[in-house]
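K.L.:
My structure is below; once you've seen it, I'll send some questions.
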Amino acid sequence: MIVGVLGGGQLARMLAQAGKSLGLSFVFLSPEPDACAATLGEHLCADYEDETALANLAERSDVVTYEFENVPIQAVRSLSTRGPVHPSAEVLAVARDRMHEKDYFRALKIPTPEYAAVDSFDELQQAVAKIGLPAVLKTRTQGYDGKGQAVLRSPQDLAEVWTAWGNAPAIVEALIPFERELSIIAVRSSVGETAFYPLSENHHREGVLRLSLSRSGEAMQSLAESYIQRLLDDLGYVGVLALELFQAGDKLLANEIAPRVHNSGHWTIEGADTSQFENHLRAILGMPLGATSVRSPAAMVNLIGTLPDQDELLAVQGAVPHFYGKAERPGRKVGHVTLTSANCSPDEFDQRVSRLLTLANETELASHTFQN
């Protein structure tokens, strides 16, 4: 069978790598001539809104998926008239607009931080008067990895930020004094079979994910599962879905969803019986889902900007480097390292996580203690 993918980045690349054991072939539609997934399948180098290229992708594919939610929604709608596309365009419409997303959470009784739509400076002032400071101003669309966000800490910030914003449609959210950032990844097949991965505990810097840790047996697991189950069922979802959450005391507040395989689930490649990538493929192709049980505590360290020496990474027992074949540049995700505990003690696992963080130039985070 042939899977078509809108996008040719590292997520598309890892989908193709996971599909090898299932005997799948891949076609990628991406405008980047050097798309890092291109060597793992056929590459249609064209704009996402090129109707000829979209028709070509649909004709060559048994099913189409996408690797990021900023793909033009019209491209997904166009493909949907020609064959199966998962997740659907309706799902994408919710996930790509932060205001619609928050309203949707509230409609399903999934708690969120306080928020308000902002389309003018007057509305920004009114929203901050209601929500209070500090707050976060976010673009409604096209935001990822900390882009399209600004923290408002004082009344003086409002005019400066709004002027720099360029009057783009936005949303203001209360800045939550959360204890942890968590995410839950779930998968639902075309016949309604559902499975959940253990919660991931996530650590960011400058809005970019730096470290994820698998957290099996968490007290918050069942609550997180109940929230994402509502989303899966109401959306008639097919594929992998990630729900990002803030933990504040005994509450979980929804931040956003990602209708795709997710960075915080990369540890599943070596750390779970079936990776999120393989299960996404199983789901969209109507195959039985694979087990999501975790073999041992696991972690994932992102490699941002530059790649450490591979031999130094391999010297950390239980570490498996994944390089994306992308040119190094500041702020760019060029790889990640998964780490499994290999029956070592919690202290030893902490030391290995810290060593990987140090190699990834995350020295401040490397000083933390991570095991519960």
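Values in this text are rule-based calculations from the coordinates and carry no lab data. Predicted, not measured: the structure shown is a model, and the values here were computed from it. Note that each Cβ is placed from the backbone with ideal geometry, even for glycine, and that neighbours are counted across all protein chains shown.
K.L.:
Taking θ = phi - 60°, what integer Hz values does the Karplus form 6.51 cos²θ - 1.76 cosθ + 1.60 yield along the range 264-279, in sequence order, with x for Gly and Pro?
P.N.:
Values, residue by residue: 6, x, 5, 4, 5, 4, 9, x, 10, 4, 10, 6, 4, 5, 5, 5 Hz.
K.L.:
Let me ask something else about it. Can you grab the distance from the C-alpha centre of the range 337-372 to the C-alpha centre of the range 228-286, Å, no decimals?
P.N.:
If we compute the Cα centre of each part, the gap is 24 Å.
K.L.:
Could you go through the range 69-82 in sequence order and give the Karplus-derived ³J(HN,Hα) for each residue, using 6.51 cos²θ - 1.76 cosθ + 1.60 with θ = phi - 60°, rounded to whole Hz, and x for Gly and Pro?
P.N.:
Each residue's phi maps through the Karplus curve to give 8, 8, 5, x, 5, 5, 5, 5, 5, 4, 4, 5, 7, 10 Hz.
K.L.:
Scale the Cα Rg of the range 114-174 by the rule-of-thumb value 2.2 N^0.38 Å and send over the ratio, two decimals.
P.N.:
With N residues counted in the range 114-174, Rg over 2.2 N^0.38 Å equals 0.96.
K.L.:
In addition: Rounded to the nearest angstrom and ordered from largest down, what semi-axes does the equivalent ellipsoid of the range 213-305 get from its C-alpha gyration tensor (root of 5λ)?
P.N.:
20, 19, 14
K.L.:
Also: Would you kindly work out the equivalent ellipsoid of the range 2-85 from its C-alpha gyration tensor and give its semi-axes, the square roots of five times the eigenvalues, largest first in whole Å?
P.N.:
Details: eigenvalues 65, 39, 23 Å².
Its equivalent ellipsoid spans semi-axes of 18, 14, 11 Å.
K.L.:
Which far-off residues, 5 or more places away or on another chain, put their amide H under 5 Å from the one on Gly305, with H placed in the peptide plane?
P.N.:
Here the answer is Arg329, Gly331, Arg332, Lys333, Val334, since their amide H atoms fall under 5 Å of that of Gly305.
K.L.:
GluC sites (Glu not before Pro), restricted to the range 143-200: which are DSSP loop and have at most 14 other Cβ atoms within 10 Å?
P.N.:
Passing both the DSSP loop test and the Cβ count: Glu179, Glu193.
K.L.:
Of the trypsin sites (Lys or Arg not before Pro) in the range 96-142, which ones lie in a loop per DSSP and count no more than 13 other C-beta atoms within 10 Å?
P.N.:
Working: sites: Arg96, Arg98, Lys102, Arg106, Lys109, Lys130, Lys138, Arg140; in loops: Arg96, Lys109, Arg140.
Here the trypsin sites (Lys or Arg not before Pro) that fit, given the DSSP loop and packing criteria, are Lys109.
K.L.:
Related question: Of the peptides 1-14, 74-87, 343-356, how do they stack up when ordered by the mean number of other Cβ atoms within 10 Å, highest first?
P.N.:
Highest-to-lowest ranking by the protection proxy: 1-14, 74-87, 343-356.
K.L.:
As a test of understanding, state the convex hull volume per residue of the range 166-251 from its alpha carbons, in Å³.
P.N.:
Once divided by residue count, the hull of the range 166-251 is 139 Å³.
K.L.:
What are the ³J(HN,Hα) values, in whole Hz, obtained from phi via the Karplus relation 6.51 cos²θ - 1.76 cosθ + 1.60 with θ = phi - 60°, for each residue of the range 297-304 in sequence order, with x given for Gly and Pro?
P.N.:
Per-residue couplings from phi come out as x, 9, 8, 9, 10, 6, 10, 10 Hz.
K.L.:
What does the convex hull of the Cα atoms of the range 180-366 come to per residue, in Å³, rounded to a whole number?
P.N.:
So the per-residue Cα hull volume is 120 Å³.
K.L.:
Take the alpha carbon gyration tensor of the range 168-216, find the square roots of its eigenvalues, order them as a ≥ b ≥ c, and report rounded if a/c is under 1.5; if not, report prolate when a/b exceeds b/c, else oblate.
P.N.:
Here the range 168-216 falls in the oblate category.
K.L.:
For the chain, just run the numbers: alpha carbon Rg, then divide by 2.2 N^0.38 Å, N being how many residues it has.
P.N.:
Working: Rg = 20.4 Å, N = 372, 2.2 N^0.38 = 20.9 Å.
Taking N as the residue count of the chain, the ratio is 0.98.
K.L.:
If you don't mind, another one. Compare the peptides 44-54, 305-315 by average per-residue count of other Cβ atoms within 10 angstrom and give them in order, highest first. Don't skip to the answer; put the middle values down first.
P.N.:
Working: 44-54: 16.3, 305-315: 13.6.
Packing proxy ranking, top to bottom: 44-54, 305-315.
K.L.:
Another question about this same structure. Give the shape of the range 54-110 as rounded, prolate or oblate, defined through the alpha-carbon gyration tensor: a ≥ b ≥ c are the square roots of its eigenvalues, a/c under 1.5 means rounded, and otherwise the shape is prolate if a/b is larger than b/c and oblate if not. Don't skip to the answer; put the middle values down first.
P.N.:
On the way: a/c = 3.21, a/b = 2.57, b/c = 1.25.
The shape class here is prolate.
K.L.:
For the chain, what is the relative contact order in percent, using Cα pairs closer than 8 Å and at least 6 residues apart in sequence?
P.N.:
After rounding, I find 13 percent.
K.L.:
Between Ser154 and Gln317, what's the calculated FRET efficiency when r is the beta-carbon distance and R0 is 51 Å? Round to 0.05.
P.N.:
0.60
K.L.:
Still on this structure, please answer the following. Gain in length, Asp50 to Asp62, computed as 0.36 nm per residue apart minus the alpha-carbon separation, to one decimal in nm?
P.N.:
2.4 nm
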